[in-house]
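See below for the structure under consideration.
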Amino acid sequence: MAGIRLRAWRDGGDWVLRGEKTFITFGDEADYAIVIAVSGSAAREATAFLVDRKMGWTSRPIETMGSWHTPAALTFDDVRVPASNVLGEVGGGWELAMRWIVRGRYVIPSQAVGTAERCLHMAIAHANTRVTFGRPIGERQAIQWMIADSEVELEAARWLALRCAWTVDQGQPARHPAAVAKLYGAGMVNRVADRTLQIFGGMGYTRDLPIEGWYRAVRVLRVLEGTDEMQRMIISRDLLRGYEKIGGHLA
């Protein structure tokens with residue numbers, strides 16, 4: 001939030017927005033944008049707005065290595081927004097942003113679990129049918145270890161995602177469990193996709209199979225909605241400052 005440069009100021013009954021937002025998921029396809037802009041001089045004094053594209057903002061797609069979550073740069077060149085389009089309270093954008101970003105984070109481990117599960121199904125099927133030197137490759141320890149490690153990590157990520165969902169359902173703060181599930185889930189699916197490609201060998205690297213596409217696509221999950229490093233910062237800070245207890249969900 002401290003790095004937000006898009007500014008908003010009052011002009012009569014409207015607000016005027018000027019600046020740019022970068023790497024906005026699906027920003028080139030959206031008809032509306034929820035925009036948080038600096039609206040005062042005090043630290044964290046920001047306001048959230050619902051802004052119709054017809055009000056004048058433009059977008060430019062940003063090409064990426066994957067096919068998921070195509071981002072865009074949004075430009076606001078003195079876009080006028082009615083005061084009725086303020087979300088929440090004026091100056092309350094920080095609190096809303098923190099609430100919304102947590103929601104974005106706890107969806108990602110569920111996406112990771114689904115993709116990893118599909119990859120592992122393909123890896124197992126291939127290991128049972130691909131024969132080299134007279135034996136299915138699934139009989140070789142190197143392949144078995146990759147499948148076993150993938151299953152263990154997949155199940156761990158599944159339970160972290162479920163725990164986070166349960167926390168949300170209970171109406172409890174989910175920032176910490178969301179950071180844990182997001183960090184682990186995003187790393188897990190990258191490792192499972194990599195192992196699956198390895199099991200398929202040269203065929204996995206071709207575009208005849210979807211594995212190479214998943215391999216590229218899931219890489220963004222370690223960046224999207226807060227990088228791995230950001231999640232580690234949140235988790236460690238919560239523990240070091242006593243905001244969360246180790247195994248606190250079991251207490």
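The values are calculated or read from the model by the stated rules, or taken from the named source; none is laboratory data. Please read these numbers as outputs of a predicted model, since none were measured by experiment. FYI the Cβ positions are ideal-geometry reconstructions off the backbone, even for glycines, and counts take in every protein chain you see. The area values use the complete protein model at the heavy-atom level, side chains included, leaving out ligands, DNA and RNA. Shrake-Rupley method; radii C 1.70, N 1.55, O 1.52, S 1.80 Å.
Using helices alone, what [θ] at 222 nm do you get for the chain, with -39,500 (n - 2.57) per DSSP H run of 4 or more residues, divided over all residues and rounded to the nearest 500?
-16000 deg cm²/dmol
Would you please put 27-34, 113-120 in order of how densely packed they are, using the mean number of other Cβ atoms within 10 angstrom per residue and starting with the highest?
Ranked from most to least packed, the peptides come out as 113-120, 27-34.
Pulled fully out, how much extra length does the chain show between Arg44 and Leu87, if you take 0.36 nm times their separation in residues and subtract their Cα-Cα distance?
Going from the current span to full extension adds 13.9 nm.
Give, as a single signed number, the net charge of other residues whose beta carbon lies under 15 Å from the beta carbon of Ala73, with Lys and Arg counted +1 and Asp and Glu -1.
After counting each charged neighbour, the total is 0.
Can you give the accessible area per residue of the range 166-251, in Å², using a 1.4 Å probe?
Ligands and nucleic acids excluded, the figure is 57 Å² per residue.
Skip the ligands, DNA and RNA, and give the accessible area per residue of the range 46-154 with a 1.4 Å probe, whole Å².
The answer is 53 Å² per residue.
Pop out the ³J(HN,Hα) list for the range 179-189 in order, Karplus 6.51 cos²θ - 1.76 cosθ + 1.60 with θ = phi - 60°, rounded to Hz; leave Gly and Pro as x.
Result, ordered by residue: 5, 5, 5, 5, 4, 6, x, 5, x, 4, 5 Hz.
What is the Cα centroid distance between the range 14-68 and the range 169-192, reported in whole angstrom?
About 26 Å separates the Cα centre of the range 14-68 from the one of the range 169-192.
Stokes-Einstein diffusion coefficient for the chain at 25 °C in a medium of 0.890 mPa s, Rh from the Kirkwood formula over Cα pairs: what value in µm²/s?
Rounded to a whole number, D works out at 119 µm²/s.
Compute the signed sum of charges (Lys and Arg +1, Asp and Glu -1) over the other residues within less than 15 Å, Cβ to Cβ, of Ile137.
With Lys, Arg at +1 and Asp, Glu at -1, the net is +3.
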